[in-house]
Amino acid sequence: MALPALLAGVGVSAVAAAATRPLSAPAGRGQAALGVGVYAGQLQLRVCTNAPCDAAGGKAHALPAELAKLVDAAELTLLPLGSGRHAVHVTIPDTANQRAYELVVVAPSTGLAPLVVFEGFTGLVSGQEGAREGPMVFVSEPTEKGERRVVVGKQYESISLCGRPTVLAPNVLNPADLQLHPAKVQRLSPAERNQAKRLKAVRLPDGAALGPSVLTALGASSAIGAPQNLTDGNPATTWAENRGAEGRGEFVTFSAPSQLPISGFDFVVRPPGTPPGAAEPAPAGASASEFWLAVPDRLFHVALPDDAWQHPGAVYRVTLEAPIRTDCVALVIENTAAKGPDAQVTFGEVAAVSEFDSGDLPGLVGALAGGGERAEAAKTVLMSGGPAAFRAVADAFRSLDEGGRRVALDVLDRADCELSTPTYVRALLGRYEAHAIHARDRIRRCGRKSADYLASTLRIALPRARPILADELGLIAPDRAVAEIAPLLDDDAGALRSLLRVAFARAASDPLAKDAIQKVLVDQRLSTAAKLDVLRALGDSLADYGPAASQAFAGLARGKDFRTRFLLLGPAAALAPTDKVAHEYLSRALGSDPDAHMRFGAAVAAQGSPAFTRELMAAFGDESVRVRRAAVEGMGRKREAKAEAPLIDRLQRDDWPMVRAAAAEALAGLGPSHAADAALDRAIGDESPLVRVPVVLALGQRRVRTSAPAIRELLEDEKEDPLVRRAAARTSGRLCDHAALDTLSELAQKRADPLLDQNQKGLSLAALEALATMGPTDLRQRLSPLLAKGAAPGAREAAEAALALPATCPRR
């Protein structure tokens, strides 16, 4: 059954203003009268033998509970169906949930029970955002006789006639039997069809090529064969409507590149001829005689010059009067010359026509220059041009300007990774940062498909390019990266070698690289410099490679040059817990090497090892001050009680402030000890402020409250070094020295002075921190100068932050 009138809206939006009072549908042609109304919050229906029919005496119709507060706003519309029969359309808006509850009710031909033809929530009521769907009720515009058609179907968020309301799987209410029946409906309004531009297609000469495949089929109202067959570039694959007969109103929607001016469309209706004896690809296929092309803001009527089903493989073209730009195109069937209910209106391919000739690759590539509007249009054609177009763009990339390269990269995103990777690498190493970011992202998406080209390029690249390529190879193929980077680590340029070592370390951290690392460690072809950097890059994980790592280390440990010996200290520390040769190497370097630089490096390396306590403590007496300090710092990290006495000795007797300061810091981390506390207390009077600072902080960390008076004296001494006073302020807070509150308050209040120098500002902030830690009950009053109008910038914020901090001392 065809529906000649256009469906022009959803629900009652397409009809006259709905009545708010009860309705009475007249009887006629064997149909009884029908009364519908809302009374006391209930929808009531009643069938009467004669009109008017008062619904007030009818039966309440059960509705979902969530409509209880909405039913009074129900909209009732009387719909003349034709043949003297009527229906009533009930709509209960539920705007809060972006839906409605709709009923289509008729009086039956026999009996007195109302017939509800359709009932339910309508709108996009189910599914995920972007793919929602739900029932839909369409009411047509009135015919000249005032008759309307009621269609019930489904709607999909992802499918529309380029913005026009669209019902799918339509069923029309037949006035003859008052039942819903499947139907073909023309979804374009009569008004729009009447205003459509009339165009006539022409059949192109045999062998004519289609325009570029820049359209992408999105969906169809019905289908035999996937709609995507229409834009796959293969005319032998087809789509046909699945409603039969003339197929009126069935449609396919396409996305289109909005940058491309479209001057026309090409169509293949019947697939090219099949070999003799082969089955007919579409035995019931038929050609449309006329159809519509819809874009968001206009409509075109297209008539074919002949029966295209009689011309297999023929290309038909319709040319527009002026190019259009659009992101959506819909093809809507109107009619066919074929007869019979089983006809399937079919298309094989649909393509857009533009000013660009898809066969003129040099011209298309040249149009990319500048990266402007014309370049964007050419891009869309090149994207659909396949490998030949992609190779043309890749070959021309170096000759393009910045804008052209940007657009070219977009084109190559459609190409296979093997074809596009060389161009991505050029962009990665080029001078345009945006291009490099684009290329980096695409190489990582390609993954191992880009590895071969990256590896081969890394071997021959200029030194400055190697770290960049090594990083990317390490991310997509860490095992390949380890093997390729290792030989490059003997580069004479220290800075570049350092970057390569970092790239190697990143790749090595991936479990996929473990086997490759084992091979690199025992590779006799690697130079000494390269293998040494491999060991350094592996860091603490070196011991995980067992015998291979030990073999590599032993071979390098025989070297005599200072650089090799010194740089092996780190790997030796990593291997020392499990490798005797490495342990002896580091122990010997720390304890007896004649070169102080070696002993210092060994002390630093040993700091992170669980062994070497004895060697580090022995180094407390080394003649080199740098060695002594490194050894003291190492024992401070270990926090071993056995180091207490030697550390106290260094604090008291070492000639160098840097060693005494390191000893104070080390003692701060040891466990409870009266001896350590006493030694630190005595060191408050050290002649060097470089020592007094860590001593005062250590006393605070250890909570030595007996030292509070001495520390308070340092705080109050205006001649004392500013850094010492700052440390004394913080420690006074940690020791909860309430006797220092007034001094701390005075110092904190100076933060209000906008002319305060940096030393005074630092001391003021330290005092503020101490006050927050102590948390006196009158803290806000003490900080009032900082909160006053006119205080230095940041003073109020600092005071408010202090007031918000929780106190850790007993309040007073």
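The values are calculated or read from the model by the stated rules, or taken from the named source; none is laboratory data. Not measured: the values here are computed from a predicted model. With ideal geometry, Cβ positions are generated from the backbone for all residues, glycine too; neighbour counts draw on all protein chains shown. When the accessible area is computed, the model is the full protein with side chains, heavy atoms only, and any ligands, DNA or RNA have been set aside. Shrake-Rupley method; radii C 1.70, N 1.55, O 1.52, S 1.80 Å.
Out of the helices (runs of 4 or more DSSP H) lying entirely within segment 362-445, which hold 3 or more residues that are open to solvent by less than 40 Å² (accessible area, probe 1.4 Å) and more than 24 Å from Pro261 (Cα to Cα)?
417-428
Confirm whether Ala618 is open to solvent by 30 Å² or more (accessible area, probe 1.4 Å) and aliphatic (A, V, I, L, M).
Considered against the rule, which asks whether it is open to solvent by 30 Å² or more (accessible area, probe 1.4 Å) and aliphatic (A, V, I, L, M), Ala618 comes out as yes.
Any idea which residue in segment 529-575 is surrounded by the fewest Cβ atoms within 10 Å (Cβ to Cβ), counting only those that are of a type in the set (A, V, I, L, M) and over 20 Å from Ala505 (Cβ atoms)?
Ala554
Ala729 - would you say it is open to solvent by less than 10 Å² (accessible area, probe 1.4 Å), under 25 Å from Arg626 (Cβ atoms) and at pLDDT 95 or above? Before the answer, list the steps.
Working: open to solvent by less than 10 Å² (accessible area, probe 1.4 Å): yes; under 25 Å from Arg626 (Cβ atoms): no; at pLDDT 95 or above: yes.
Against the criterion (open to solvent by less than 10 Å² (accessible area, probe 1.4 Å), under 25 Å from Arg626 (Cβ atoms) and at pLDDT 95 or above), Ala729 does not qualify.
Sort through Thr122, Thr143 and tell me the only one that's open to solvent by 10 Å² or more (accessible area, probe 1.4 Å), in contact (Cβ under 8 Å) with a residue 60 or more places away in the chain and either among the aromatic types (Phe, Trp, Tyr) or within 30 Å of Ala220 (Cβ to Cβ) (or both).
On the way: Thr122 fails: open to solvent by 10 Å² or more (accessible area, probe 1.4 Å).
After applying the criteria, what remains is Thr143.
Six or more apart or on different chains, Cβ under 9 Å: which pairs go from a residue in segment 82-104 that's touching a residue at least 40 places away in the same chain (Cβ under 8 Å) and acidic (Asp, Glu) to one that's open to solvent by less than 10 Å² (accessible area, probe 1.4 Å) and assigned to a helix (DSSP H, G or I)? Could you list them?
Glu102/Gly11
What are the residues in segment 240-263 that are of a type in the set (A, V, I, L, M) and over 36 Å from the mean Cα position of the chain (by Cα), if any? Working first, answer last.
Here is the first cut: in segment 240-263, the ones of a type in the set (A, V, I, L, M) are 240, 245, 252, 256, 260, 262.
Hits for segment 240-263 are Ala240, Ala245.
Taking segment 322-348, which residues are closer than 21 Å to His311 by Cα, outside any strand (DSSP E or B) and either hydroxyl-bearing (Ser, Thr, Tyr) or free of Cβ contacts under 8 Å to residues at least 24 places away in the same chain (or both)?
Answer for segment 322-348, where residues must be closer than 21 Å to His311 by Cα, outside any strand (DSSP E or B) and either hydroxyl-bearing (Ser, Thr, Tyr) or free of Cβ contacts under 8 Å to residues at least 24 places away in the same chain (or both): just Lys339.
Would you check which residues across segment 633-682 are within 21 Å of Arg705 (Cβ to Cβ), open to solvent by less than 40 Å² (accessible area, probe 1.4 Å) and in contact with a Pro (Cβ under 6 Å, 6 or more places away or on another chain) and list them?
The one that is within 21 Å of Arg705 (Cβ to Cβ), open to solvent by less than 40 Å² (accessible area, probe 1.4 Å) and in contact with a Pro (Cβ under 6 Å, 6 or more places away or on another chain): Ala664.
Just the residues that are touching a Pro at 6+ places or on another chain (Cβ under 9 Å) and not hydrophobic (A, V, I, L, M, F, W, C), please, taken from segment 109-139. Explain how you work it out, then say what you get.
Filtering segment 109-139 for residues touching a Pro at 6+ places or on another chain (Cβ under 9 Å) gives 114-115, 118, 120-123, 125, 136, 138.
Listed by number, the residues that qualify are Pro114, Gly120, Thr122, Gly123.
Could you please let me know if Pro257 is more than 21 Å from Glu355 (Cα to Cα) and either in a loop (DSSP other than H, G, I, E, B) or open to solvent by 20 Å² or more (accessible area, probe 1.4 Å) (or both)?
When the stated conditions are applied, Pro257 does not pass them.
Any idea which of (1) in contact (Cβ under 8 Å) with a residue 24 or more places away in the chain; (2) of a type outside the set (A, V, I, L, M, F, W, C); (3) assigned to a loop (DSSP other than H, G, I, E, B) is the one Ser732 doesn't satisfy?
(3)
Does Arg270 qualify as being in a loop (DSSP other than H, G, I, E, B), open to solvent by 40 Å² or more (accessible area, probe 1.4 Å), modelled with pLDDT under 90 and charged (D, E, K, R)?
No; evaluated as a whole, the condition is false for this residue.
With a cut-off of at least 1 residues that are free of Cβ contacts under 8 Å to residues at least 12 places away in the same chain, name the helices (runs of 4 or more DSSP H) lying wholly within segment 585-655.
Working: elements: 596-606, 613-618, 625-638, 644-653.
By residue number, 613-618, 644-653.
Name the one entry in Arg506, Arg501, Arg480, Arg497 that is closer than 11 Å to Leu458 by Cβ and either basic (Lys, Arg) or not in a helix (DSSP H, G or I) (or both).
Only one candidate passes the filter, namely Arg480.
Pairs under 9 Å by beta carbon, first residue on the phi < 0 side of the Ramachandran plot in segment 496-516, partner open to solvent by 90 Å² or more (accessible area, probe 1.4 Å) and hydrophobic (A, V, I, L, M, F, W, C), six or more apart or different chains?
Arg506/Leu475; Ala507/Leu475; Asp510/Leu475
All but one of (1) at pLDDT below 90; (2) crowded, with 22+ Cβ neighbours inside 10 Å; (3) aliphatic (A, V, I, L, M) hold for Ala282; state the number of the condition that does not hold.
So Ala282 meets the others, but not (2).
Taking the condition basic (Lys, Arg), open to solvent by 70 Å² or more (accessible area, probe 1.4 Å) and either within 45 Å of the chain's Cα centre (by Cα) or modelled with pLDDT of 90 or more (or both), does Arg812 pass?
no
Between a residue in segment 195-208 that is closer than 12 Å to Ser289 by Cα and any residue that is surrounded by 11 or more Cβ atoms within 10 Å (Cβ to Cβ), which pairs come within a Cβ distance under 6 Å, given they are 6 or more apart or on different chains?
Close Cβ pairs satisfying both conditions: Lys200/Ala303; Ala201/Val302; Ala201/Leu304; Ala201/Tyr316; Ala201/Val318.
Please indicate, with yes or no, whether at least one residue in segment 117-134 is at pLDDT 90 or above, among the polar types (S, T, N, Q), assigned to a helix (DSSP H, G or I) and farther than 28 Å from Ala176 by Cβ.
No, segment 117-134 has no match at all.
Let me confirm something: among Ile324, Ile333, which residue is within 17 Å of Pro212 (Cα to Cα) and under 41 Å from the mean Cα position of the chain (by Cα)?
The unique qualifying residue is Ile324.
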